[in-house]
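Have a look at the structure below before the remarks.
The values are calculated or read from the model by the stated rules, or taken from the named source; none is laboratory data. Model, not experiment: these values are computed from the prediction. Backbone-built Cβ (ideal geometry, glycine too); neighbour counts: all protein chains shown. Remember, those area values only see protein heavy atoms, side chains included, never the ligands or the DNA or RNA. Shrake-Rupley method; radii C 1.70, N 1.55, O 1.52, S 1.80 Å.
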Amino acid sequence: MPSIAGPVQSLINEFAKLPTIGPKTAARLVFYLLAQPRGEAASLAEAILALKDKVRSCSQCFSITEDDPCEICRDPRRDPRLLCVVAEPKDIFALERTGVYRGRYHVLGGLISPMEGIGPDQLRVRELIARVGQESPSEVVIATNPNAEGEATALYLSRLLQPLGVTVSRLAYGLPIGGELDYADEVTLAKAIEGRRILEK
Amino acid sequence: MIVRSVTLGSFRNYAALDFQPSPGLNLIVGRNAQGKSNLLEAIAMLGTGKSFRTSRESELVQHGQSLAFVNGVAELSHGSVTLSCRIVSAGGVTRKTYAVNGAPVRFASFLGSIKVVTFVPADLLLVTGPPSLRRAMLNATLAQERATYYADLARYAKHLAQKSAYLRTATSPDPRLLATYNALLAELAARLLLARARYVTQLTRAAAAIHRRWIPGGAPLSAVYHPSPALRDYAAGEAELRLQIGAALEEALPRELARRQCLVGPHRDDVELLLGELPLAQFGSQGQQRTAVLALKSAEYAVLRERTGEAPVLLLDDVLSELDAQRQEAFLGSVEGYEQAFVTATALPALEIGSAHYVVEGARLSRIR
Ligand SMILES: Nc1ncnc2c1ncn2[C@@H]1O[C@H](COP(=O)(O)OP(=O)(O)OP(=O)(O)O)[C@@H](O)[C@H]1O
Ligand SMILES: [Mg+2]
Ligand SMILES: [Zn+2]
């Protein structure tokens, strides 16, 4: 096999390090870029550098932002009585897309998982307690993933927060909207039965 | 239930196989290392979604390949079902995907689509072997019967692994995190304990009846559930059990911290087998132990059948040759109302059995009768 020009190979190697991208996809991306005008490549390179140079962590909620504090923390229309705890900044983007939640956020930076060396001290738990003390929200909504680590983190936090006199809630587990009951797996269905709610009169 | 077809692709030593089994007993004969166990393993996977031999599932994919599949069509009392399990193994990662009637489903929905009872030579150690064998016996039936049992078990294992890692690695463990794990574990343990207790009650009744038929007037066989923590009164219900388990976990915490290990919970459960008053493991003769195992396996079949209303597929890998002709006959005669069985052997058994006979030679199956 003929060897590929050095810069081509090195960019393929870089792309292939990215999640979900294998060597074939990496090569396709590189040959696509090779065919583009120089300006396209320059703006991609700049966007990547700006990501590292301009994006930092918000000093209040620890989400990612260009300006500190972030847009959400600065927004006076945001309800200060509600504080939503998430594992990662990407979870904020998912919740914001719904447009339903109007409170503020707190990013833990992960979930408790001693198997991966992550205990409460490796997450922004102390910062959360401090915020609840200062901002005294009336409710903390814990929005961790419905897996074992998310469940343990949620319960741990609620045990930590409840003595501070704040209401702690967690996102409901349940059925996908638009789905059909008999297609739901038993485990999801069992959780949905557990988490059922009384209909208003 | 009856498996009508099994199709394999790049599964173990089978590059491709299209097998239409018969109703009744399928006897599969072949020399060593020809693919008998591999075929039974594949059929079992259609029921349990997992290998009964290995937890490293990359082994299932034929050497040199990256995708294996097991497809099957089975007939149940309410109609036929098409099952498919694909195993993709590449770059050190193995993933399985499942489909029922062509629609992709999660493991929890695939599991138990058809019921199977497997009996392998390792089960002959059920009486004398380690407690993990007896816990596996409980789990095999309960997980096939209810997806929620399997989900509870998997979640229990996950939290337990996290708590163990925390006990092992934390320099000054946070008591609130340990209390969190204990609360989660107690909730799951209460459900597992109740399900196991009820199952053992049913199992011991069925096993005793079978045993009595074989050895009339002999000392009665019984199975006694020993949960961890050692609770006795299950009638109080789940909420009360959760409190009691929670208290036991709290009480065990100083010892757990000292040993840096999880010492209490269903991962420490056991089932003791008795003949009359005497524990079979210490006092039973080899023959008595073997008879007890057969009664238990036969009871396992009866209970799964009773609970699900379907006759499970019976899979006997290499066990007949471990039994004398009299026991072979007694066992097969005691498995009531099976509609289909797969039995492997390296030579034709002494017993005249089987509605269809096959020979496996180098991953090729041919019917000889
Ligand atoms: N992933 C794989 N790819 C290719 N061959 C495999 C794979 N896994 C196992 N084998 C081979 O399959 C062969 C048959 O195995 P199997 O366990 O089915 O034999 P068997 O007929 O049950 O023999 P025995 O009577 O000794 O139990 C073995 O030689 C084994 O090396
Ligand atoms: Mg074998
Ligand atoms: Zn912010």
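Taking every residue in A:172-185 and counting other chain Cβ atoms within 10 Å of its Cβ, the average works out to 1. Average accessible surface for the protein assembly as shown: 51 Å² per residue, computed with a 1.4 Å probe over protein heavy atoms with every protein chain in place. Note that chain A shows a convex hull volume over its alpha carbon atoms of 230 Å³ per residue. Once you reduce the range A:149-164 and the range B:1-56 to the center of their Cα atoms, the two points are 47 Å from each other. In degrees from 0 to 90, rounded to the nearest 10, what is the angle of the helix B:131-145 Cα long axis to the longest principal axis of chain B? Tilt of helix B:131-145: around 70 degrees.
Computed from the Cβ-Cβ distance with R0 of 25 Å, the FRET efficiency linking residue A:173 to residue A:139 stands at 0.85.
Going from most exposed to least, what order do A:54, B:36 have by accessible area with a 1.4 Å probe? Kindly include the intermediate steps, with their values, before the conclusion.
Details: A:54 115, B:36 15 Å².
Result of the area sort, largest leading: A:54, B:36.
Solvent exposure of residue B:1, expressed as accessible area, is near 0 Å², computed with a probe of 1.4 Å over the protein chains only. Spacing of the modelled spin labels on residue A:5 and residue B:355, each 7 Å from Cα toward Cβ, amounts to 7.0 nm. Within the accessible area of the range B:123-309, what % is carbon and sulfur when the probe is 1.4 Å and the other protein chains stay in place? Of the solvent-accessible surface of the range B:123-309, carbon and sulfur hold 55 percent. Between the C-alpha center of the range B:230-304 and that of the range B:148-196 there is a gap of 18 Å. Once the Cα atoms are used to define both axes, helix B:175-214 deviates from the longest principal axis of chain B by about 50 degrees. With 20 Å² as the minimum drop in accessible area between chain alone and full protein complex (1.4 Å probe), the qualifying residues in the range B:135-156 are B:147, B:148, B:151, B:155. Placing a pseudo-label 7 Å from each Cα along the Cα-to-Cβ vector at residue A:24 and residue B:165 gives an inter-label distance of 3.3 nm.
If you take the accessible area of B alone, add that of A alone, and subtract the area of the pair, what total do you get in Å², probe 1.4 Å, to the nearest 100? Numbers along the way, then the final one.
On the way: alone 16770 and 14160 Å², together 29010 Å².
That pair of chains buries around 1900 Å² in total.
The C-alpha atoms of chain B define a longest principal axis, and helix B:36-48 lies at about 50 degrees to it. Counting, for every residue in A:4-14, the Cβ atoms of other protein chains within 10 Å of its Cβ and taking the mean gives 0.
Ranked by accessible surface with a 1.4 Å probe, highest first, in what order do B:128, B:148, A:144, B:171 come?
These residues rank, largest area first, as B:171, B:128, B:148, A:144.
Measuring r between the beta carbons of residue A:126 and residue A:147 and using R0 = 30 Å, the FRET efficiency lands at 0.80. If the limit is 29 Å between Cα atoms, which of A:54/B:158; A:24/B:50; A:24/B:36; A:191/B:297; B:50/B:163; B:96/B:163 go over it? Beyond 29 Å: A:54/B:158; A:24/B:50; A:24/B:36; A:191/B:297. The accessible area of residue A:199, taken with all protein chains in place and a 1.4 Å probe, comes to roughly 150 Å². Rolling a 1.4 Å probe over the protein heavy atoms of the range A:3-129, with every protein chain left in place, gives an accessible area that is 58 percent carbon and sulfur.
Mind checking the range A:93-189 for GluC sites (Glu not before Pro) that DSSP puts in a loop (not H, G, I, E or B) and that have at most 11 other Cβ atoms within 10 Å? In loop regions of the range A:93-189 (DSSP not H, G, I, E or B), the sparsely surrounded GluC sites (Glu not before Pro) are A:180. Each Cα pair under 8 Å and six or more residues apart adds its sequence gap; the mean of these over the residue count of chain B is a relative contact order of 26 percent. Peptide B:106-116 shows a mean partner chain C-beta count of 2 within 10 Å per residue C-beta.
Model label sites at residue B:133 and residue B:326, defined 7 Å from Cα along the beta-carbon direction, differ in position by 2.3 nm. Taking all protein chains together and rolling a 1.4 Å probe, residue A:104 ends up with roughly 50 Å² accessible.
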